[in-house]
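The numbers here are math on the coordinates, done by the rules we state, and not lab data. What you see is a predicted model, and the numbers here were worked out from it, not measured in a lab. Every residue, glycine among them, receives a Cβ derived from its backbone with ideal geometry; neighbour counts consider all protein chains shown.
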There are 2 protein chains.
Amino acid sequence: MSIETLTFRQANEEDLDAIVYMLSDDKIGSKRERYEHPLPGAYVSAFHAIDADPNIELIVACDGDTVVGVQQVTFTPHITYQGGWRATIEGVRTTSTERGKGLGSQLIRYAIQRAKERGCHIVQLTTDKQRPDALRFYERLGFTASHEGLKLHL
Amino acid sequence: MSIETLTFRQANEEDLDAIVYMLSDDKIGSKRERYEHPLPGAYVSAFHAIDADPNIELIVACDGDTVVGVQQVTFTPHITYQGGWRATIEGVRTTSTERGKGLGSQLIRYAIQRAKERGCHIVQLTTDKQRPDALRFYERLGFTASHEGLKLHL
């Protein structure tokens, strides 16, 4: 893989297998995903809901025809900040065989570029406190850990 | 105000003045909002974008006809967690004259109820580390500060 030839595009349904594989091939993700064939239908339903929403981009990074990274970027209008739009990044993963080559940075930079193109005033994400390396990674890209990220599982 | 007679509903455009007033009547919010008459147009545009999106609920708490609290709840499909939907709460404010009466708790409980009704598996929010009381408030409601909340202002 060469970082110079990476391309980014919105995912299509044929990418879903590679996306779920990346999400499950991860210390935390392996506990909550089900990479099986056929893929559980809820993944397909979620893909269709995302694909139909003009304010969500499920973005894949490609090395030639091979999907090597994924992230979801959701653009949301808010009343706060004088009616500003925010971009929220979630589900960032890169293929385990290509880590440490700058792929993750390029992926996030692409999300920031899309947020600017969409007129957002802020890009936000949360990162699990069990991933200290991820925190440093995002801080190097200019993010500030100014907030606590709270979750309530139903 | 009586906590027993609070009602919750989706905001309409006539509520926008009260909403922006609450957002601006706050230590942090006063630095970034503009409560003026007429309201800056970006607030109105954001309201219309929110109102048109079936996956966003701008919820007001009412004491009779008076708006006494607000929050935005965004419902988002994700590939992660086996294609699960998340509810994200932002912009929670209550009127300064009614604090300490349980209004905030009722507001968040209503968001949790809506998240369950919409089939979400998680409710999430971030809270500014400059608001330690807010962190304890959310922890009492069952949230866990498992994540760092990172922001990048563009």
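At-a-glance table
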{"read-out": "Net charge over other residues, Cβ less than 10 angstrom from the Cβ of B:F143 (K, R count +1; D, E count -1)", "value": "0"}
{"read-out": "Gain on full stretching of the segment that runs from A:R131 to A:R118 - 0.36 nm per residue minus C-alpha separation", "value": "1.8 nm"}
{"read-out": "Shape call, segment B:1-74: gyration tensor on alpha carbons, a/c limit 1.5", "value": "oblate"}
{"read-out": "Computed [θ] at 222 nm, helices only, for chain A once each DSSP H run of length n ≥ 4 contributes -39500 (n - 2.57)", "value": "-9500 deg cm²/dmol"}
{"read-out": "Cα-Cα P(r), the protein assembly as shown, percent of pairs per 10 Å interval", "value": "6, 26, 36, 21, 9, 2, 0"}
{"read-out": "Distances in nm from A:G100 to the matching label points in the other copies, shortest first (labels 7 Å along Cα to Cβ)", "value": "5.7"}
{"read-out": "GNM result for chain B, Cα springs below 10 Å: residue of B:I112, B:I79, B:I28 fluctuating most strongly", "value": "B:I79"}
{"read-out": "Length released on extending from B:E36 to B:R140, taking residue separation times 0.36 nm less the Cα-Cα span", "value": "33.9 nm"}
{"read-out": "Using a 7 Å Cα-to-Cβ projection, B:E117 label spacings across copies, nm, ascending", "value": "3.7"}
{"read-out": "Cleavage-rule hits, GluC sites (Glu not before Pro), segment B:1-67, DSSP coil, Cβ neighbours within 10 Å at most 13", "value": "B:E36"}
{"read-out": "Filter on A:K151/B:K151; A:K129/B:K151; B:K31/B:K101 - keep pairs with C-alpha separation over 19 Å", "value": "B:K31/B:K101"}
{"read-out": "Segment A:56-68 - phi-based ³J(HN,Hα) in whole Hz, Karplus 6.51/-1.76/1.60, Gly and Pro as x", "value": "10, 10, 8, 10, 10, 9, 10, 10, x, 8, 8, 6, 10"}
{"read-out": "Rounded if a/c under 1.5, otherwise prolate or oblate - segment B:79-154, Cα gyration tensor axes", "value": "oblate"}
{"read-out": "Relative contact order of segment B:14-154, pairs being alpha-carbon contacts under 8 Å that are 6 or more residues apart, as %", "value": "16 percent"}
{"read-out": "Loop sites in segment B:10-71: trypsin sites (Lys or Arg not before Pro), DSSP, at most 15 other Cβ within 10 Å", "value": "B:K27, B:R32, B:R34"}
{"read-out": "Inter-copy spacing of A:K27 label points, which lie 7 Å from Cα along Cα→Cβ, given in nm from shortest upward", "value": "3.5"}
{"read-out": "Residue among B:L141, B:L16, B:L125 with the largest mean-square fluctuation in a Gaussian network model of chain B, springs linking Cα atoms under 10 Å", "value": "B:L141"}
{"read-out": "Inter-chain shielding of B:86-95 (mean C-beta neighbours from other protein chains, 10 Å cut-off)", "value": "3"}
{"read-out": "Identity and axial distance of the chain B residue whose Cβ lies nearest the axis relating B to A, Å", "value": "B:G149, 2"}
{"read-out": "Per-residue average of Cβ from other chains inside 10 Å of B:68-80", "value": "6"}
